[in-house]
Amino acid sequence: MKAFPDHCLLGEEAEDASEGASKASRTEYRWIVDPLDGTTNYVHGVPFYCVSLALERNGELLVGAVYDPIQDECFTAALGQGRG
């Protein structure tokens, strides 16, 4: 947040989701983060979980990444960069 103070953050673990939603309506950029996507699997030792991150501008998704630490694989996507 220090690097981009005019951005906001949306995550499952938000302290106050209503505050985040309020700020999101006033900011151009919003980071969407799930630091442990697949929490139940992780807790039970099932090796299917990941870290998910995306950035949107004015409600349009620009980039996204999903990292699987078990397989050490990272999948990314960027708006307009698809393979036809």
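The values are calculated or read from the model by the stated rules, or taken from the named source; none is laboratory data. Everything numeric in this text was worked out from a predicted model, so none of it was measured. No Cβ is skipped: glycine too gets one built from the backbone with ideal geometry, and neighbour counts run over all protein chains shown. Ligands, DNA and RNA are excluded from the accessible area calculation, which covers all protein heavy atoms including side chains. Shrake-Rupley method; radii C 1.70, N 1.55, O 1.52, S 1.80 Å.
Brief remarks on what is shown
- Of all residues in region 66-84, those satisfying the criterion of being among the hydrophobic types (A, V, I, L, M, F, W, C) and either part of a loop (DSSP other than H, G, I, E, B) or open to solvent by less than 80 Å² (accessible area, probe 1.4 Å) (or both) are Val66, Ile70, Ala77, Ala78, Leu79.
- Scanning region 41-63 for residues that are part of a strand (DSSP E or B) and either of a type in the set (A, V, I, L, M, F, W, C) or farther than 16 Å from His7 by Cα (or both) yields a total of 9.
- Candidates in region 28-65 are the residues that are of a type in the set (S, T, N, Q) and open to solvent by 60 Å² or more (accessible area, probe 1.4 Å); of these, the one that is farthest from the chain's Cα centre (by Cα) is Thr40.
- Residue check for Val63: modelled with pLDDT of 95 or more and in contact with a Gly (Cβ under 9 Å, 6 or more places away or on another chain): no
- Residue in region 9-27 that is open to solvent by 70 Å² or more (accessible area, probe 1.4 Å), modelled with pLDDT under 95, polar (S, T, N, Q) and in a loop (DSSP other than H, G, I, E, B) present: yes
- Which listed residue, of Asp72, Asp37, is charged (D, E, K, R) and either at pLDDT below 95 or touching a Cys at 6+ places or on another chain (Cβ under 8 Å) (or both): Asp37
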